[in-house]
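Undergrad: One structure is given below, represented as structure tokens, and several questions about it will come after.
The values are calculated or read from the model by the stated rules, or taken from the named source; none is laboratory data. Treat the numbers as computed from the prediction; the structure is a model and nothing was measured. Ideal geometry is used to build each Cβ from the backbone, glycine not excepted, and the neighbour counts take in all protein chains shown. Keep in mind that these areas ignore ligands, DNA and RNA; they rest on the heavy atoms of the full protein, side chains included. Shrake-Rupley method; radii C 1.70, N 1.55, O 1.52, S 1.80 Å.
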Number of protein chains: 2
Amino acid sequence: MGRGKCFGQGGWHGKFHGRGYRMTAGREAVINVLSSTKEHLSADEIFIRARKLNPDIGLTTVYRTLERLSIMGEIHRLDPGDKRARFELAESEKGHHHHLVCTKCNRIIDYDDFIDDEVKLLSETEKKLSKKYDFKINNHLIQFYGECKECAE
Amino acid sequence: MGRGKCFGQGGWHGKFHGRGYRMTAGREAVINVLSSTKEHLSADEIFIRARKLNPDIGLTTVYRTLERLSIMGEIHRLDPGDKRARFELAESEKGHHHHLVCTKCNRIIDYDDFIDDEVKLLSETEKKLSKKYDFKINNHLIQFYGECKECAE
DNA sequence: TTGTTAATGAAATTCATTTTCAATAAGGAG
DNA sequence: CTCCTTATTGAAAATGAATTTCATTAACAA
Ligand SMILES: [Mn+2]
Ligand SMILES: [Mn+2]
Ligand SMILES: [Zn+2]
Ligand SMILES: [Zn+2]
């Protein structure tokens, strides 16, 4: 009772449980933070927001939860030029998208325009590269770097 | 006299000088290390090799030189999942290429096969994105993540 | 309800990178 | 070549994101 959405069987609880992990209040808080934003948050930004949902959570738990979710493939870890990693839910309403990264302010802008052509070309390329280099490709990253509107001189 | 190749006017010396910087033994060592490898080295790996060319060089100078070269656009900084940044000369014999990154051993493999189609698509996409998001694109990054031959289970 | 053990928070630690600061040397002027 | 300005340097200290340690807590299967 009083349980948030999607934390029952088949939802997040199930995802953890299925792999022998446990659903805890800390993990629920982190997931709720990630679920309720379109931003690309760093660990400590997630910590600050998660603490509002669960004042007892520690930063360590945030790092550990992010690590676990990353291994589970449920979140994407981004390493912009800026030194701190940033995270976003893999299966958000946003769907498959790529990024524009501002090298001035480190803002990350999602885009999914023109993505179909990109993804199509990429999957062909993946196939060729896999064969030629005997490399098992699991994922790809495309980012454009430059200056965002706000940072234009 | 006794000066290595390409450190005279119009070469590296000129590149620094033109921007009001000075050519020094430390910088020459770092550049020579980068020029003589196809690997993607980290700062401390560069330091170890540079010390063989110039035993007096300090790690701090390596970092500072890499920062300067990066600003000058003469090297590319790569941030693989692994926490240390890696570097490669922008204008090497390797030419424009993209990367396969092994998520097990962090090895980085260059490829330039099939690159023409990629670059062509990317430049079209860049044009459209630039306009739509009012974003000035200077550079792009494409990486495929997976498991290299040596790490295959 | 109980037992097993995954998960936690706080504090300590790691480690790449940056900053500080006094000493050095690149290179233009004379 | 010599002198001078100041960019550059190395060593040591500082920073800061991320990880590890360890004693305590709580998830959840039985
Ligand atoms: Mn995104
Ligand atoms: Mn490369
Ligand atoms: Zn910006
Ligand atoms: Zn590998």
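Undergrad: Any idea how many residues of region A:125-137 are more than 7 Å from chain B (Cβ to nearest Cβ) and in contact with a Ser or Thr (Cβ under 6 Å, 6 or more places away or on another chain)?
TA: First, pick out the residues of region A:125-137 that are more than 7 Å from chain B (Cβ to nearest Cβ): A:127, A:130-131.
So of that shortlist, the ones also in contact with a Ser or Thr (Cβ under 6 Å, 6 or more places away or on another chain) come out as none.
Residues that pass the stated criteria total 0.
Undergrad: Take region A:103-140 and flag every residue that is in contact (Cβ under 8 Å) with a residue 40 or more places away in the chain and out of contact with any Lys or Arg (no Cβ under 9 Å at 6 or more places or on another chain).
TA: Looking only at region A:103-140, we keep the residues that are in contact (Cβ under 8 Å) with a residue 40 or more places away in the chain, and these are A:103-105, A:107-108, A:110.
Within region A:103-140, A:Thr103, A:Lys104, A:Cys105, A:Arg107 qualify.
Undergrad: Which number in (1) under 16 Å from the mean Cα position of the chain (by Cα); (2) open to solvent by 60 Å² or more (accessible area, probe 1.4 Å) marks the one condition that B:Glu124 misses?
TA: Among (1) under 16 Å from the mean Cα position of the chain (by Cα); (2) open to solvent by 60 Å² or more (accessible area, probe 1.4 Å), the lone unmet condition for B:Glu124 is (1).
Undergrad: Same structure again: Please list, ordered by residue number, the strands (runs of 3 or more DSSP E) wholly in region B:8-113 having 1 or more residues that are open to solvent by 90 Å² or more (accessible area, probe 1.4 Å).
TA: Numbers: elements: B:75-78, B:86-89, B:98-102, B:108-111.
Output list reads B:75-78.
Undergrad: So in region A:6-38, with the set limited to residues that are charged (D, E, K, R) and in contact with an Asp or Glu (Cβ under 8 Å, 6 or more places away or on another chain), which one is farthest from A:Ala90 (Cα to Cα)? Let's see the steps before the verdict.
TA: Within region A:6-38, the subset charged (D, E, K, R) is A:15, A:19, A:22, A:27-28, A:38.
Filter once more, keeping what is in contact with an Asp or Glu (Cβ under 8 Å, 6 or more places away or on another chain): A:15, A:38.
Working: A:Lys15: 14, A:Lys38: 11 Å.
This residue is A:Lys15.
Undergrad: Another question, if that's okay. Could you list all residues from region A:123-145 that are in a strand (DSSP E or B) and out of contact with any helix residue (DSSP H, G or I) (no Cβ under 8 Å at 6 or more places or on another chain)?
TA: Our first condition is that a residue be in a strand (DSSP E or B); within region A:123-145, this holds for A:136-145.
A:Asn138, A:Asn139, A:Leu141, A:Gln143, A:Tyr145, listed by residue number.
Undergrad: Continuing with this model, one more query. Out of B:Leu69, B:Leu78, report the one residue that is assigned by TED's automatic domain parsing to the domain that holds B:Glu28 and either under 23 Å from B:Leu122 (Cα atoms) or within 12 Å of DNA strand C (Cβ to nearest atom) (or both). Step through it out loud before you land on a result.
TA: Values: B:Leu69 fails: either under 23 Å from B:Leu122 (Cα atoms) or within 12 Å of DNA strand C (Cβ to nearest atom) (or both).
After applying the criteria, what remains is B:Leu78.
Undergrad: Checking the condition of a type in the set (Asp, Glu) and away from chain B (no Cβ under 14 Å), which residue from A:Glu118, A:Glu39 passes? Outline the logic, then answer.
TA: Numbers: A:Glu118 fails: away from chain B (no Cβ under 14 Å).
None of the other options fit; the residue is A:Glu39.
Undergrad: Next up: Find the residue count for region B:37-52, including only residues that are of a type outside the set (Gly, Ala, Ser) and within 14 Å of DNA strand C (Cβ to nearest atom).
TA: Initial filter on region B:37-52 (of a type outside the set (Gly, Ala, Ser)): B:37-41, B:44-49, B:51-52.
Filter once more, so that each one left must be within 14 Å of DNA strand C (Cβ to nearest atom): B:40-41, B:44-48.
Residues that pass the stated criteria total 7.
Undergrad: Let me spell it out: the conditions are (1) closer than 26 Å to A:Asp112 by Cα; (2) more than 14 Å from the chain's Cα centre (by Cα), and A:Leu59 meets all of them except one. Which number is the exception?
TA: (1)
Every residue, every condition in (1) at pLDDT 90 or above; (2) at the interface with another protein chain (Cβ under 9 Å from one of its Cβ atoms), yes or no:
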{"position": "B:Arg64", "(1), (2)": "yes, no"}
{"position": "B:Arg68", "(1), (2)": "yes, no"}
{"position": "B:His76", "(1), (2)": "yes, no"}
{"position": "B:Arg86", "(1), (2)": "yes, no"}
{"position": "B:Leu100", "(1), (2)": "yes, yes"}
{"position": "B:Leu122", "(1), (2)": "yes, yes"}
{"position": "B:Asn139", "(1), (2)": "no, yes"}
{"position": "B:Gln143", "(1), (2)": "yes, yes"}
{"position": "B:Ala152", "(1), (2)": "no, yes"}
